[in-house]
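Everything on this sheet refers to the single structure shown next.
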Amino acid sequence: MVKSLDKKWKELLFSASGLGPNFMMVLMGAYYTDALNPVALGGGDTFQAIMAGTCFIVPALFPILYAIGKIFDGIIDIPFAHITDTLTTKFGRRRPPILVSFIPMVLSYAMCWIPIGGAENTMLNTIWVMFWCFVFFAAYTMCLICFYGSLSTTCTDEPQRMRVSGYKSFFDTINYCIVYALVPLLLDVFKMHIDKFALTCLPIMCTILIPVFMIKEGEKYGHPEGPALDSKKVPVFKSVKLVLGSPVYKRWLIVECLTVAVLQLFLVSMNAMMIGSLGFNGLQMALCNTAAFAPVPIMLYLFNKLKQKKGTRFAYQTCLGAFAIGMLAFFVDSKFVMGENNVPAQMVVAIVGGVIASWAIGTFFMMPYMAASSVSTVERKIYGINHSAMYFAGEALCTSIVGALAGSLVYENIKMLFISKAAKGIVYAGNYALAAEKFGVA
């Protein structure tokens, strides 16, 4: 077989392929829905909204459509994975779909951030942005599923696969560091609204073109990915059945889905909690998020050491416990508990909680990638069947459904609820003024 990753620097470069698209997806997950409907960001000016205090979508309709879009993002993983697993061209099976999907991915992402109806026509904006979200989710999925699916043949052995998985986790961590720790500060310093920032960052998506130049497949290289496996190509329904028939994989999916449900709900609401509930500014947010993400490389190293001594299950359980403590810190830290004008104490609690949670953050990036890649590689060695992309598709489908329910339907409705200690009640309202009026204190 022709080795694509015959040098360590190539492993590092190849693992960075998803950095750009994943950065833009994390940015969308962290800021997009609040940018369109900033009700949870408080009543003041904030650059995390497209326009402070202005809702550009229909609040009752958008969460439903966005949840459907995220579920659609998961469902299309199955047919897309089958396409790239069975595609036969002179240029190979992974590279052509990336090239075809790249421009639609970039264009649709840009359109998602441009509500053409302005503040007046929220229904038009809702339909417009959701159309482009569907296009983006489809193009993004095809690009990433091709990259992930190439790992079983591009990496020659388990140690190399572990190294590439570790490098990818590092880049994922960098993405989250920038999005959650640095972006709030950059927006405040440059007085740039989040939609303009997102459009400025579009060129970073070019990293997904790295596999086009690094994967050695197709006619030029004698089809190293193909002929020996052509006789064992798996029909799509049988491929799905094989994936879901793996006991190890099914147990992992259950754990992953429960983790993602909580994680998505937390991540999508984190910035709104810092601004609206804790009252932090951009610098304070940057300090707290840096405390959570900066220790991740060291924590990943220690996690791997613990995994070798105590096993994957025990090590992962410690991560779940640590992240639960980190999330609890936000509740303890809120003005609802601590009251007003307690910023120093809030900062201490937030930083300590962030450092504890950092034990888990890198692992959450690494485990899904490593689990699917390992299971598919074992199957390929034993049965000679190469449908590795379907394992990533199975993860994506399940996590997209639970992520959509948690991050779209649940969060988008929770953020419309307002709590008043004085009135001892909870109301559903579009903004602080309407909530105050309903409480009878307007």
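The values are calculated or read from the model by the stated rules, or taken from the named source; none is laboratory data. From a predicted model like this one, the values you see are computed outputs, not experimental measurements. Neighbour counts run over all protein chains shown; Cβ positions are idealised from the backbone, glycine included.
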Total residues in the range 185-220, condition surrounded by 16 or more Cβ atoms within 10 Å (Cβ to Cβ) and modelled with pLDDT under 90:
7
What pairs come up if the first residue lies in the range 355-380 and is at pLDDT 75 or above and hydroxyl-bearing (Ser, Thr, Tyr), the second is surrounded by fewer than 21 Cβ atoms within 10 Å (Cβ to Cβ) and outside any helix (DSSP H, G or I), and their beta carbons are under 7 Å apart, counting only those six or more places apart or on different chains?
358/295
How many residues are closer than 24 Å to residue 190 by Cβ and either of a type in the set (A, V, I, L, M, F, W, C) or in contact with a Leu (Cβ under 6 Å, 6 or more places away or on another chain) (or both) when one looks only at the range 277-308?
12
Scan the range 73-94 and report the pairs whose first residue is free of Cβ contacts under 8 Å to residues at least 60 places away in the same chain and whose second residue is assigned to a loop (DSSP other than H, G, I, E, B), with Cβ atoms within less than 9 Å and a gap of 6+ or a chain change.
83/93; 87/93; 87/94
Test: residue 63 is in contact (Cβ under 8 Å) with a residue 24 or more places away in the chain, closer than 19 Å to residue 403 by Cα and part of a helix (DSSP H, G or I):
yes
For the range 3-12, does any single residue satisfy the condition of being in contact with a Ser or Thr (Cβ under 9 Å, 6 or more places away or on another chain), closer than 30 Å to residue 154 by Cβ, in contact (Cβ under 8 Å) with a residue 12 or more places away in the chain and surrounded by fewer than 17 Cβ atoms within 10 Å (Cβ to Cβ)?
yes
Take the residues in the range 38-82 that are among the small types (Gly, Ala, Ser) and over 28 Å from residue 277 (Cβ atoms), then tell me which one is surrounded by the fewest Cβ atoms within 10 Å (Cβ to Cβ).
74
Just name the residue that is farthest from residue 66 (Cα to Cα) out of those in the range 375-415 that are of a type in the set (Lys, Arg) and assigned to a helix (DSSP H, G or I).
381
Please go through the range 397-415 and pick out each residue that is in contact with a Pro (Cβ under 9 Å, 6 or more places away or on another chain) and either among the β-branched types (Val, Ile, Thr) or crowded, with 20+ Cβ neighbours inside 10 Å (or both).
399, 408, 410, 411, 412
Residue 85 meets each of (1) out of contact with any Leu (no Cβ under 7 Å at 6 or more places or on another chain); (2) surrounded by fewer than 23 Cβ atoms within 10 Å (Cβ to Cβ); (3) assigned to a helix (DSSP H, G or I) with one exception, condition (2)
Looking at the range 274-301 only, could you name the residues that are farther than 12 Å from residue 173 by Cα and part of a loop (DSSP other than H, G, I, E, B)?
278, 279, 280, 281
Only one of (1) over 25 Å from residue 298 (Cβ atoms); (2) touching a residue at least 40 places away in the same chain (Cβ under 8 Å); (3) in contact with a helix residue (DSSP H, G or I) (Cβ under 6 Å, 6 or more places away or on another chain) fails for residue 332. Which number is that?
(2)
Being buried (at least 16 other Cβ atoms within 10 Å of the Cβ) and of a type in the set (D, E, K, R) is the requirement here; does residue 340 meet it?
no
